[in-house]
1. Any idea what the relative contact order of region 305-387 is, in percent, if you count C-alpha pairs under 8 Å spaced at least 6 apart?
2. What number comes out for the charge environment of Gly38, summing +1 per Lys or Arg and -1 per Asp or Glu over other residues with Cβ under 14 Å away?
3. What distance in nm lies between label points placed 7 Å from Cα along the C-beta direction at Val65 and Arg427?
4. Report the Cα centroid-to-centroid distance between region 271-303 and region 356-429 in angstrom, as an integer.
5. Among the lysines, which fall within straight-line cross-link reach of Lys294, defined as a Cα-Cα distance under 22 Å, with same-chain neighbours fewer than 8 residues apart omitted?
6. Considering only Ser47, Ser19, Ser380, give the residue with the highest GNM mean-square fluctuation for the chain, with springs between Cα atoms whenever their separation is below 10 Å.
7. Quick one: Cα centre-to-centre distance for region 175-243 and region 1-29, in angstrom?
8. Tell me whether region 24-222 comes out rounded, prolate or oblate; compute the Cα gyration tensor, take square roots of the eigenvalues as a ≥ b ≥ c, and use a/c under 1.5 as the rounded threshold.
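Bear in mind that the values in this text are calculations on the coordinates, not laboratory data. All of these numbers come straight from a predicted model, not from anything done at the bench. When we count neighbours, we look across all protein chains shown, and the Cβ atoms used for this are built from the backbone with ideal geometry, even at glycine.
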Amino acid sequence: MRGIIRVKLPKRRLSGSVSLPYSKSLSNRQLILGAHTGVPFSVEGLSAGDDTHFLVEALKEIGYVAARVGSEWRFFPPSKYPSSVQLYVGEGGTTLRFLLPLLARLPLSARVQAAPSLQRRPIQPLLQSLYEAGAKVRLAPHTYPIGIEGNPTWRPCAFRIDSAVSSQFLSALMLMAPGLDEGTVIYELAETPATKAYGEMTQQLLMRAGWTWQFTEVGWQLVAKSAPYSSYVFYGERDWSAAAVFFGLAALEAFEGVLPLSLDSLQPEARLFSALEWNYTLTPVAGGLRVAPKGVPLQGIEVDVRDYPDSALVLAVVAAMANSPSCLRGVHTLPYKETDRLQALVMELSKVGAHLAIKSDALVIQPAPRLPVEPPVFESYGDHRLAMALSLLAARCEMVTITHPRCVIKSFPGYWRELEGLGAQCREE
């Protein structure tokens, strides 16, 4: 992931139909839910990002047979599990967190290793929750590889989880539904759970497949289970988080075209970008949504981003080029991502003259009074979302140079090619 990329946009707008990747957030949930059923399952439209790749490889290591037919991936559970496995999950937060409860239910011993950047991110609340519920997990903090001794007879009836720093902890437990009994309860310990909308996305995915979690006065309770089927089929969605960059380009009057998205998506960002008061219009058309600039001055925004941590970077970068100040509230989870995204935004956007201040749980953005024609090199810190967000600066600068451009393979492997296909110049060195 070394090197740099130089991005230059044409004088005219970028235009055309965008080929977005499938949502890795949804893909990883579908893969883990399918594995928890213990029967064959398929996913029509699977993310090509690194996080999903590592999850597919992990399923293969524990014995699943995976076969791809066109855009459909079919998975067949093993007739016999290996006695032990060594798994590597790369930088994938969902990959690691969703895998652990699954491994705790399988008849095998597992050791799970992660990339250094992921090892710095929170995992202890989930390990503690599994341990208290009877799973055999090693609790030593900050110790990798994580060790789990699986037990196929383990059927916990209650969990306690603190999801203040990551909703993925709650989602990981909810996705266990096929192997839990009705009446199982998840007690949420956090007064303000992180990115609540992603927990709701997990809940809705499960409900569509037949498992219903209902929030009661005592916590989340499993109140209905799917009838047993011989196999399950899941359908992917194009990634609204990846589309954030193109909404940002439209707001900057640098793009118009069609995005293969649906407004009835499970993804939280569908609500954000369909309601955001930026200067673009959204029109349903054949093949998705047409986005086009309105051609009016771009004003600052005030948005609560606690449910949209992946899109907050795009919002901040665009806000740095608006005509008035902006405020992004609910930014408390941003330091716990692939990098400390709050500090990264403060540092990198200061290079173009914008002033960002962190005030409690808010990020206040004073736009750059005048952007440099050719700004300095921007550091992506190997964070895929930050690298893509920083490329938006090319809409107002002559050229933008970004480090570690290949980090986008985590969620949008073809991002730079996609920009080129729309008319941009992207030169990797």
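1. Once normalised by length, the contact order is 32 percent.
2. The answer is +4.
3. 5.1
4. Each part's Cα centre sits 20 Å from the other's.
5. Here the lysines satisfying the reach criterion relative to Lys294 are Lys11.
6. Ser19
7. 30
8. rounded
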